[in-house]
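I have placed the structure first, in the form of structure tokens, so that the comments after it can refer back to it.
The values are calculated or read from the model by the stated rules, or taken from the named source; none is laboratory data. Remember, it's a predicted structure, so these values are computed and weren't measured experimentally. Note that we place each Cβ from the backbone using ideal geometry, even for glycine, and neighbour counts take in every protein chain shown.
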Amino acid sequence: MQPPPRNQPKRRRLLALPAVCPCESIAPEPLLASLVSLAADVASRRASDAPVLRRAVRQAVRLAGLLLAFLEEMRDAATSTLPFSAVLGLTELHVAMQKMRFLLTDCGRRGARLWVLVNAGQIASELRLCLGSVAAAMDVLPSSVVDASEESGELGRLVSDQAWRSVVRPDAGDRLALRSVRSIMDQFKKGVAPDSEDVMRVLRRIGVETWSQCSEEVAFLDSELAARSDAGDDSSSEVVLINGLMAFLVYCRVVLFDHIDSRQADNSAARPATCPDWIRPEALQCPITLELMTDPVTVSTGQTYDRASISRWMKAGCRTCPVTGERLRSADLVPNAALYIVAQFSTGSTEERRKATCEARKLSKHSLFYRARFVEANAVPWLLCLLSIMDASVQDNAVASLLSLSKHPGGRAALVEAGGIGLVVDVVNVGAKAETQQNAVAILFYLSSNAEYAEEIGRFPEAIPTLVRLIREGAQRGRKNAMVSLYGLLQSPSNHAKAVAAGAVAALAGLLCSDRDGDLASDTVSVLQARLAQLVERKALNLVVVGSSPTVGASFIFCF
């Protein structure tokens with residue numbers, strides 16, 4: 001296995017405490033100087049930077065300050081060279097302080113605060129081990145070194161005494177917040193909406209006060225999940241826990257925070273989205289009042305109502321579902337996050353739409369469950385409607401959401417039925433951002449996996465020429481997406497002549513000859529061989545393409 005590139009060092013995992021043990025032959029003086037610098041770094045930490053285990057962090061910082069004072073006094077009081085017998089104790093101190101620095105860094109790390117909270121017991125245990133190592137190291141230091149002066153002797157005994165006597169455990173507030181997290185996750189498993197005060201207690205404890213801070217927590221957990229997946233460890237209890245914590249934070253983002261406070265791409269005025277004929281507004285209407293729902297909730301039968309109307313229904317003594325007539329097994333009202341977000345597409349302000357499309361993008365990207373929920377909530381037509389909005393962020397998020405939903409069979413069907421193919425092709429040509437255009441091409445790829453949809457895409461005169469243009473002129477990702485999309489479209493015989501007329505053969509052959517890195521060569525050969533070669537039988541072409549590609553290790557000749 002080759003080592004990772006030097007410019008891409010492996011990131012230290014949270015609560016992993018690697019430490020470099022000084023070599024046995026190191027002289028005491030440089031070891032002491034390094035230890036002084038290390039203790040000064042730990043002593044400079046602030047307990048306020050760690051929302052969780054604050055008392056334990058404060059004890060560690062205080063002990064580091066005492067150790068720093070002892071080391072400086074020992075260094076200043078030394079009248080001769082330090083004995084080599086001091087190396088063992090100084091080495092143990094050095095390793096212990098390295099680990100303590102990592103622990104304090106993790107406790108104050110932004111984005112990882114919820115993960116630190118649920119691992120508070122493990123962190124406290126690791127910190128106790130570090131303090132114990134400091135105490136043991138102080139005990140093995142030669143008395144001649146510790147008692148080099150009266151003050152160093154007093155400081156040394158104080159460090160040892162404090163290290164042995166320190167009690168490190170999660171604070172009462174940490175334990176209460178952790179119980180709330182477990183209770184909330186149990187409620188999620190049962191389909192019950194948690195009490196907002198319990199949720200806010202947890203967020204206050206870990207210092208998460210805004211939408212962007214909540215997103216940082218989600219991003220960190222997502223990276224931890226990816227790391228475990230890459231390692232093949234995707235079924236452990238930790239993976240289950242991380243998924244549960246992500247669901248908790250997503251709920252907070254959707255329900256508790258009123259606006260997105262993170263950096264916005266632009267503040268351009270947006271045209272209000274109108275309701276086209278192909279949108280079914282009744283999907284957003286409460287079955288009781290027939291008005292658009294502002295706070296959709298789901299009852300035990302799976303039906304969704306506006307919270308105010310179903311609450312009035314139940315307070316009146318009715319214990320059945322208004323739509324199905326089934327008896328309600330419980331009075332719990334679970335927020336319908338997907339339908340709530342879709343409602344913001346239609347009735348929200350520009351900022352609310354920005355937030356809603358961003359949330360739809362995040363939820364649908366990684367979660368099969370939410371993809372299905374968004375399709376059921378009729379999100380696809382509304383997202384297509386938002387493609388005409390001038391706000392670049394809304395358009396970009398809407399296209400990315402449609403890309404995720406196009407991976408769902410129902411999402412592909414909804415997009416085609418709503419007449420969205422033409423809108424997607426338009427975005428490929430005139431999307432506000434390059435990434436938006438590339439995501440729109442990827443949507444065409446997923447649609448082209450269905451032969452009927454591939455034929456439907458080909459009916460748009462600009463569809464295939466647009467893909468050919470991207471193959472010739474696009475960026476790396478755009479070219480690749482365009483090629484695989486064209487590959488899908490060519491499964492429909494009706495698209496063969498259109499591809500030839502648009503110059504697909506020349507564009508692909510030119511790309512094959514010019515691709516020096518080989519990233520696109522194999523895909524190009526696949527398209528030429530598997531699809532365009534079908535024209536040989538139909539005698540639709542009279543063309544010879546000759547060339548060679550060292551990147552795929554072969555020469556090629558296609559005679560049409």
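Of the residues Gly410, Gly419, the single one that is within 21 Å of Glu455 (Cβ to Cβ), small (Gly, Ala, Ser) and at pLDDT 90 or above is Gly410. Does at least one position in the range 347-358 carry a residue that is surrounded by fewer than 18 Cβ atoms within 10 Å (Cβ to Cβ), over 26 Å from the mean Cα position of the chain (by Cα), of a type in the set (S, T, N, Q) and not in a loop (DSSP other than H, G, I, E, B)? Checked against the condition, which is being surrounded by fewer than 18 Cβ atoms within 10 Å (Cβ to Cβ), over 26 Å from the mean Cα position of the chain (by Cα), of a type in the set (S, T, N, Q) and not in a loop (DSSP other than H, G, I, E, B), the range 347-358 yields at least one hit. Candidates Ser388, Ser367, Ser330: the one that is surrounded by fewer than 22 Cβ atoms within 10 Å (Cβ to Cβ), within 22 Å of Cys252 (Cα to Cα) and either outside the structural domain of Ala193 (by TED's automatic domain parsing) or of a type in the set (Lys, Arg) (or both) is Ser367. Evaluate the following for Ser346: is it in contact with a strand residue (DSSP E or B) (Cβ under 8 Å, 6 or more places away or on another chain) and either over 25 Å from Asp186 (Cβ atoms) or touching a residue at least 40 places away in the same chain (Cβ under 8 Å) (or both)? The answer is yes for Ser346.
Taking the condition of a type in the set (Gly, Ala, Ser), part of a helix (DSSP H, G or I) and in contact (Cβ under 8 Å) with a residue 24 or more places away in the chain, does Ser404 pass? Yes: the conditions hold for Ser404.
Filtering Glu452, Glu462 for residues that are more than 18 Å from Ala507 (Cβ to Cβ) and acidic (Asp, Glu) leaves a single hit, Glu452. What are the residues in the range 133-169 that are more than 17 Å from Val61 (Cβ to Cβ) and either in the same structural domain as Ser196 (by TED's automatic domain parsing) or among the small types (Gly, Ala, Ser) (or both), if any? Listed by number, the residues that qualify are Ala136, Ala137, Ser143, Ser144, Ala148, Ser149, Ser152, Gly153, Gly156, Ser160.
Counting only residues that are closer than 22 Å to Glu376 by Cα, outside any helix (DSSP H, G or I) and among the basic types (Lys, Arg), the range 407-439 holds 1 of them. Taking the range 148-194 as the range and being among the acidic types (Asp, Glu) and under 41 Å from the mean Cα position of the chain (by Cα) as the test, the residues that pass are Asp171, Asp174, Asp186. Would you be able to say whether some residue in the range 288-311 is in the same structural domain as Asp396 (by TED's automatic domain parsing), at pLDDT 80 or above, hydrophobic (A, V, I, L, M, F, W, C) and not in a loop (DSSP other than H, G, I, E, B)? Yes, there is a match, as at least one residue in the range 288-311 is in the same structural domain as Asp396 (by TED's automatic domain parsing), at pLDDT 80 or above, hydrophobic (A, V, I, L, M, F, W, C) and not in a loop (DSSP other than H, G, I, E, B). Restricting attention to the range 48-69, and to residues there that are of a type in the set (Gly, Ala, Ser) and assigned to a helix (DSSP H, G or I), which single residue is surrounded by the fewest Cβ atoms within 10 Å (Cβ to Cβ)? Restricting to residues being of a type in the set (Gly, Ala, Ser) and assigned to a helix (DSSP H, G or I), the top hit is Ser48. Do we find a residue being of a type in the set (A, V, I, L, M, F, W, C) and farther than 27 Å from Leu104 by Cα anywhere in the range 166-175? No, there is no match, as no residue in the range 166-175 is of a type in the set (A, V, I, L, M, F, W, C) and farther than 27 Å from Leu104 by Cα.
Got a number for residues in the range 442-470 being outside any loop (DSSP other than H, G, I, E, B), more than 9 Å from Leu489 (Cα to Cα) and among the charged types (D, E, K, R)? Adding up the residues that qualify gives 3.
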